[in-house]
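Working notes, beginning with the structure itself.
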Amino acid sequence: MSNFKYHRFLDVNSHKTKRDIEGVHMKFLIHSNEAAANNFQSLTDTFLATADFGGSDDGHTDAHYAVLSLLLLLANSPTREGVTDTQVEPPQEEEEEDTFDWASYLLDSDYTTHRGVFTNSLDWSADEDSDLNEDEDGEQPSSDLTMKTTFTTPSLAMVSMETTPVSDRDSGVVNTPESLLDEKMTEVSSRIAPLYWAGGTRRRLTDMSVSGCDDASSLTRLWEKHLVDSSVMYVTRDKAQLTEYQIQREVLWMLMGVSQSFVYSWQTGHFVVNRDIQLCHLTDKTLFNVLEDLGRYGNVVWKLNQFVDAIAMETNSSSPAHSLNDNNTTGEAGGTCQTYQAFGIAISHVLRQFKRELVSMEKEICAQVETATLSRLLSKLSPHLVRLDFLDIVFRNGIEACCQATSSNAHKASFLLSQLYTTLQRCDALGSTDNTQVSFLFPIWMVSCKPYLDIIDQWVTTGQLNDPCQEFIVRRNADVKLGDENFWEAALEVHDKSDWTLPSSHDQEGDGGSVAGVPSFLLPIMSQVVGAGKAAEMLQHLDGLQEPQGTETTGTLYEVFIESLQAHLGSHHTTHSETTGGATEPVVRTADPVFADNVLRQLQVKGVRDPLLAENFSQLITGSRSPDPTSRGDEEEVNSRLGDLDWSRLSPIKLLLQTCLYPHVLHCYKTMSDRLLQTLKEKCGLMEYFATVRSLYLMEAGDAMYDFYTPLFEKLRFHESWQDVSFLNMSLREALQEHFSCQAHRLFVAVRDTSGCDRRHKEPITALQGLTLQYEVPWPINIILDSGSMALYNEVFTFLLQIKRAKYSLDRLSFVDLERDSVLSLKQSKGSDALSALMSSPLTPREDETEFCLTHRVQLLRMRLMHFINNLHNYMMTRILHSTGLEFQQEMEDAHDLDLVMAIHARYMCRVHERCLLHEKVKFIKGIISQVLNMALTFADHWNDSIHSFSVKFLLEMELMLSRCIQFLASFLNNTIKRGSLPHRE
């Protein structure tokens with residue numbers, strides 16, 4: 001103490017001491033302890049105004065400020081101590097008679113003071129709670145008085161100076177070790193806050209002695225008193241009085257996932273708020289509503305933690321039948337789908353970040369750097385709570401709802417990704433003001449999509465649909481092999497055929513419509529994904545996937561997607577000039593030349609062919625020089641790259657996918673489709689097979705087909721049997737030997753029995769109805785020229801064969817044969833004598849005129865039939881088949897994928913089938929034409945019999961029928977052409 005009175009090198013700074021006093025006074029007011037604040041201010045002012053202290057007649061001396069500075073340094077968190085006013089006003093008379101020499105008292109070495117905890121600053125923080133005061137020595141030095149300083153109040157005014165005269169020790173009062181230990185434990189207990197969770201703060205609100213319930217914070221007490229006064233039935237009960245500091249920490253613990261605490265307890269699947277707690281400045285209902293609303297977010301955190309734990313347990317479990325939880329919300333018995341695992345990883349990362357934020361908030365509350373209130377805590381938690389709301393919506397709609405309706409991993413994965421994408425679009429629809437939520441949900445959606453994009457990437461690049469958890473929308477149909485003609489249509493099947501629909505090729509416009517079972521973000525490109533996958537599988541079988549050495553290889557689809565996002569959005573470490581705003585081109589990465597040229601060669605020279613060793617060497621070499629950013633698959637690295645994106649330049653989500661994701665899929669689809677078409681055209685001879693089919697089935701090769709059907713028509717003309725398959729195949733081989741020798745071994749004739757057909761098939765024109773031309777088309781050409789297409793070709797072939805037969809029958813008729821047939825018939829009927837007599841006896845003028853007229857009418861009818869049939873034949877062969885064939889060739893040259901080739905060929909066949917009058921809607925026209933063809937065959941048979949087989953009545957009927965058919969066709973076709981219904985017949 002002498003240093004403070006006589007030595008000047010420890011002069012106290014009075015201004016700093018005043019600021020410290022004002023700071024302590026302000027802390028009392030902030031902690032709603034106005035009485036202690038006023039008492040503290042009054043005592044310090046009184047002490048500073050005291051005169052005759054330190055040899056001065058006035059107050060406010062250096063000695064005053066030195067003492068106050070010492071007490072402030074000795075004080076240990078005064079606002080946390082109980083408020084006990086120990087100020088005792090001495091009697092006036094005793095104060096006048098007090099002659100105690102304070103100077104000698106302070107300088108006397110026989111007196112010792114209790115040393116408290118000295119601190120180097122007045123930074124009042126929660127760290128001081130963990131510091132304990134130094135223990136006093138077991139034995140006190142012998143002196144007249146023993147002075148013990150005890151800080152039991154939150155203010156410097158509550159310092160009690162207890163003195164014990166030595167005479168008490170001499171009078172028989174002995175301090176035993178047990179009593180000293182009890183005293184010390186009592187002193188320590190007085191310095192520790194009461195255990196509120198053990199009932200240490202439980203009391204009634206109407207108790208006016210409740211600490212803190214003074215006039216500044218007595219809302220709850222006043223409201224309780226009002227309820228008691230207004231209702232005689234109202235009963236008060238004891239409640240634990242807590243502070244906002246305690247409640248805030250309990251809230252943070254609950255949000256961290258602590259299931260049992262004093263304020264919250266986990267019961268029947270949700271957090272329940274303890275109703276037996278209270279705050280002095282909040283009503284019970286207000287406090288309960290705030291805590292209950294926060295508890296709802298605790299339920300979300302708990303549910304997400306349970307999901308992550310279940311995913312981790314199922315992933316690490318060796319038993320495939322291990323159940324994740326009672327609701328089975330993660331996967332079926334076969335294992336958890338990789339999409340759920342990726343979503344669990346993303347949620348785990350979010351929860352870890354959220355817990356770090358909660359820990360940081362708890363540290364700030366404990367440090368008490370600033371005023372900590374529930375309102376401020378809610379303000380800090382607000383952005384995190386909004387994110388939890390979005391996660392809860394995704395979890396309820398994308399996982400819980402789906403798991404209750406189905407157990408298919410494919411449906412679960414698709415439903416989850418669609419819900420994530422839908423939620424992301426809703427946030428994006430709010431505009432640029434809500435980019436924070438988009439930047440939060442987009443990385444989660446990206447990480448969840450990774451398994452799906454990896455499956456697509458491996459499928460469209462290697463042709464292998466590797467889906468171990470059966471979560472992709474389609475799966476490989478094991479019943480369909482590569483050599484089957486229906487491979488392209490039936491090679492894939494959906495997992496649930498009753499509820500799902502597989503998008504077909506070239507039937508999606510815009511966003512692709514709403515196809516059940518397909519993740520919504522893949523709808524615009526799903527047909528291209530399926531087409532690229534099937535094309536890659538076919539190329540793998542056809543050895544079309546082999547690439548020459550030295551070509552560039554692209555990264556995986558997921559890695560390229562991330563790089564495109566970085567190039568499009570930019571990052572916080574790149575300038576605007578380093579980013580591009582247009583469509584992103586596929587990112588290309590070249591292979592490592594060091595590994596390819598040196599290491600692999602050395603391994604092969606030594607006879608080592610270990611792919612695992614080669615892969616390790618590759619990673620070692622690439623990692624030692626410059627790590628490739630596209631090869632980093634670590635979760636934290638991916639999250640870092642996604643978090644580094646500049647979301648201020650975010651465009652609409654659909655536009656972002658059209659810029660950064662879809663171009664890469666379409667590029668792969670175009671590459672695989674072009675290579676497949678090139679392989680089909682160059683290696684498999686696709687166009688040659690099309691030309692062969694058109695030449696034979698559509699009879700564009702007139703010379704070869706004439707050699708085939710001429711012997712057949714001759715047999716029919718003379719009513720001979722023609723169903724001999726050996727004869728037909730021999731005729732076909734001979735006809736094709738000159739121009740189609742390479743395809744002759746693939747063609748043969750089949751005859752179907754038509755004896756059980758109806759009456760219409762008994763007509764002369766239908767004699768060739770059972771004749772079909774079979775063409776053995778190899779794989780993969782039979783994917784296009786399948787059995788259905790060949791059946792349509794055979795229908796057109798049969799119809800053209802009927803027209804050519806009628807034309808051939810009329811062309812083979814001659815006038816000489818007509819007269820000769822008359823002579824032969826007479827020779828067979830009357831003998832040679834009658835014939836000589838007939839020839840020697842001239843016809844009468846009447847008979848000669850009648851026979852001449854009949855012959856003339858027969859010749860005219862033949863000309864009319866030939867005119868109709870020749871025009872029909874020319875129209876079919878030129879206007880229909882030839883012009884349609886030219887259109888088909890042009891469309892085939894412009895085709896860029898197999899789906900389009902199949903669609904063009906199918907459209908071509910439908911067009912030919914309809915224009916050849918074989919479609920159901922124009923079947924009546926074909927019936928009229930068939931009648932004319934039957935008339936031609938009947939007429940030819942009568943011609944071959946003789947002129948006498950014709951009668952006037954027969955000719956009249958045929959002429960009338962022919963006129964009616966022609967008139968009907970002319971009238972119908974004219975009206976149809978005027979309406980524009982049949983543009984090809986104009």
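The values are calculated or read from the model by the stated rules, or taken from the named source; none is laboratory data. Not measured: the values here are computed from a predicted model. Using ideal geometry, Cβ is built from the backbone for each residue, glycine included, and neighbour counts are taken over all protein chains shown. Remember, those area values only see protein heavy atoms, side chains included, never the ligands or the DNA or RNA. Shrake-Rupley method; radii C 1.70, N 1.55, O 1.52, S 1.80 Å.
Selection over region 654-682 of residues that are basic (Lys, Arg) and touching a Gly at 6+ places or on another chain (Cβ under 8 Å) gives a count of 1. What are the residue pairs meeting all of these: first residue in region 453-475, first residue closer than 18 Å to residue 519 by Cα, second residue basic (Lys, Arg), Cβ atoms under 8 Å, and 6 or more apart or on different chains? Once the first residue is closer than 18 Å to residue 519 by Cα and sits in region 453-475, its partners that are basic (Lys, Arg) give 465/475; 465/476; 467/475; 471/412.
Out of curiosity, is residue 207 modelled with pLDDT under 85, outside any helix (DSSP H, G or I) and not hydrophobic (A, V, I, L, M, F, W, C)? Yes, satisfied.
Residues of region 358-376 that are open to solvent by 70 Å² or more (accessible area, probe 1.4 Å), at pLDDT 85 or above and of a type outside the set (Ser, Thr, Tyr): 363, 364, 376.
Looking at region 687-701, which of its residues are in a helix (DSSP H, G or I) and either touching a strand residue (DSSP E or B) at 6+ places or on another chain (Cβ under 8 Å) or touching a residue at least 24 places away in the same chain (Cβ under 8 Å) (or both)?
If the condition is that a residue be in a helix (DSSP H, G or I) and either touching a strand residue (DSSP E or B) at 6+ places or on another chain (Cβ under 8 Å) or touching a residue at least 24 places away in the same chain (Cβ under 8 Å) (or both), then 687, 689, 690, 692, 693, 694, 695, 696, 697 are the ones that fit.
Would you confirm whether or not region 661-671 contains a residue that is touching a residue at least 12 places away in the same chain (Cβ under 8 Å), open to solvent by less than 30 Å² (accessible area, probe 1.4 Å) and not in a helix (DSSP H, G or I)? Yes, some residue in region 661-671 is touching a residue at least 12 places away in the same chain (Cβ under 8 Å), open to solvent by less than 30 Å² (accessible area, probe 1.4 Å) and not in a helix (DSSP H, G or I).
For residue 792, the conditions (1) among the hydrophobic types (A, V, I, L, M, F, W, C); (2) at pLDDT below 90; (3) within 49 Å of the chain's Cα centre (by Cα) all hold with the exception of (2).
Going through region 877-923 one residue at a time, which ones are in a loop (DSSP other than H, G, I, E, B) and either touching a residue at least 12 places away in the same chain (Cβ under 8 Å) or within 39 Å of the chain's Cα centre (by Cα) (or both)?
895, 896, 897, 916, 917, 918
The single condition among (1) open to solvent by less than 30 Å² (accessible area, probe 1.4 Å); (2) over 11 Å from the mean Cα position of the chain (by Cα); (3) modelled with pLDDT under 90 that residue 424 does not satisfy is (2). Restricting 866, 876 to those that are touching a Cys at 6+ places or on another chain (Cβ under 7 Å) and closer than 17 Å to residue 811 by Cβ reduces the list to 876.
Here residue 275 meets the list (1) in a loop (DSSP other than H, G, I, E, B); (2) surrounded by 13 or more Cβ atoms within 10 Å (Cβ to Cβ) almost entirely, failing just condition (2).
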